[in-house]
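Enquirer: Dumping the structure here so I can ask a few things about it.
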Amino acid sequence: GAVVSQHPSRVICKSGTSVKIECRSLDFQATTMFWYRQFPKQSLMLMATSNEGSKATYEQGVEKDKFLINHASLTLSTLTVTSAHPEDSSFYICSASSGTGSYEQYFGPGTRLTVT
Amino acid sequence: KNEVEQSPQNLTAQEGEFITINCSYSVGISALHWLQQHPGGGIVSLFMLSSGKKKHGRLIATINIQEKHSSLHITASHPRDSAVYICAVNQGGSEKLVFGKGTKLTVNP
């Protein structure tokens, strides 16, 4: 099956710094990538949808200036959490779809962000 | 009311038991997904279906479009099946997923 990787798997940063999370599709071209966050014991919450070469579409309530998403190639999307605060501590997961008419999404292993 | 409802929320079983997790949704969908999330957090896609039934090993997923209902069955459950099982749907023609709250399954040896 299709493989999606995320890096880093865990990151601890200080309040006020920025953190970049990478999401890569390893064996297919991902025309669309999705970024989710998940708080403990809660379901996934979609943050934004990104299509290669265009601006990301953010869900209501998600600050686009705080969560910068770049989808510069068909195999890589990045999420940058700018000026991180402790309340940004969460589990961030990406998924990717090949956009070939299938609704299949392939999920990355997630990144656990802790802001101190 | 969540658009995707799962039941039960929590389920504890003994090894070897037959498990059923249910998912109901309220709007028309293009596809329904069953996902598995282990304690480490990673998510694995188990099934995507839009009609009928699919089987993979000890896992079976069914969907009834008219009744807007899907079930995930696990036969001969094993402790390694312990995980959170999430139902998610593509509403209409959207690529975006709408998630249920998940069912936490614990299988005891």
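The values are calculated or read from the model by the stated rules, or taken from the named source; none is laboratory data. Predicted model, so just to flag it, every value in this text is computed and none were measured. When we count neighbours, we look across all protein chains shown, and the Cβ atoms used for this are built from the backbone with ideal geometry, even at glycine.
Enquirer: Of all residues in region A:35-57, count the ones that are away from chain B (no Cβ under 12 Å) and either assigned to a strand (DSSP E or B) or out of contact with any strand residue (DSSP E or B) (no Cβ under 8 Å at 6 or more places or on another chain) (or both).
Expert: Number satisfying all stated conditions: 1.
Enquirer: Next up: So which of A:LYS64, A:LYS20 is of a type in the set (Lys, Arg), assigned to a loop (DSSP other than H, G, I, E, B), on the phi < 0 side of the Ramachandran plot and away from chain B (no Cβ under 14 Å)?
Expert: A:LYS64 is the lone residue from the list that is of a type in the set (Lys, Arg), assigned to a loop (DSSP other than H, G, I, E, B), on the phi < 0 side of the Ramachandran plot and away from chain B (no Cβ under 14 Å).
Matching residues to (1) more than 14 Å from chain A (Cβ to nearest Cβ); (2) surrounded by 15 or more Cβ atoms within 10 Å (Cβ to Cβ); (3) of a type in the set (Asp, Glu); (4) farther than 17 Å from A:LYS41 by Cβ:
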{"site": "B:PRO8", "(1), (2), (3), (4)": "yes, no, no, no"}
{"site": "B:VAL27", "(1), (2), (3), (4)": "yes, no, no, yes"}
{"site": "B:LYS53", "(1), (2), (3), (4)": "yes, no, no, yes"}
{"site": "B:LEU59", "(1), (2), (3), (4)": "yes, yes, no, yes"}
{"site": "B:ALA83", "(1), (2), (3), (4)": "no, yes, no, no"}
{"site": "B:VAL98", "(1), (2), (3), (4)": "no, yes, no, yes"}
{"site": "B:LYS104", "(1), (2), (3), (4)": "no, yes, no, no"}
{"site": "B:VAL107", "(1), (2), (3), (4)": "yes, yes, no, yes"}
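Listed here are the residues, each with its yes/no results for (1) part of a loop (DSSP other than H, G, I, E, B); (2) touching a Gly at 6+ places or on another chain (Cβ under 7 Å).
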| site | (1), (2) |
| --- | --- |
| B:CYS23 | no, yes |
| B:VAL27 | yes, no |
| B:LEU35 | no, no |
| B:MET48 | no, no |
| B:SER77 | yes, yes |
| B:ILE86 | no, yes |
| B:GLY93 | yes, no |
| B:LYS101 | yes, no |
| B:VAL107 | no, no |
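Enquirer: Of the residues that sit in region B:39-51 and are touching a residue at least 24 places away in the same chain (Cβ under 8 Å) and surrounded by 14 or more Cβ atoms within 10 Å (Cβ to Cβ), which one is nearest to A:PRO40 (Cα to Cα)?
Expert: Per the stated criteria, the residue is B:ILE43.
Enquirer: Continuing with this model, one more query. For region A:22-32, enumerate the residues that are modelled with pLDDT under 95 and among the hydrophobic types (A, V, I, L, M, F, W, C).
Expert: Selection gives A:LEU26, A:PHE28, A:ALA30.
Enquirer: Could I ask something else about it? Which one of these is in a loop (DSSP other than H, G, I, E, B) and within 14 Å of another protein chain (Cβ to nearest Cβ): A:TYR92, A:TYR103?
Expert: Just one listed residue meets the conditions, A:TYR103.
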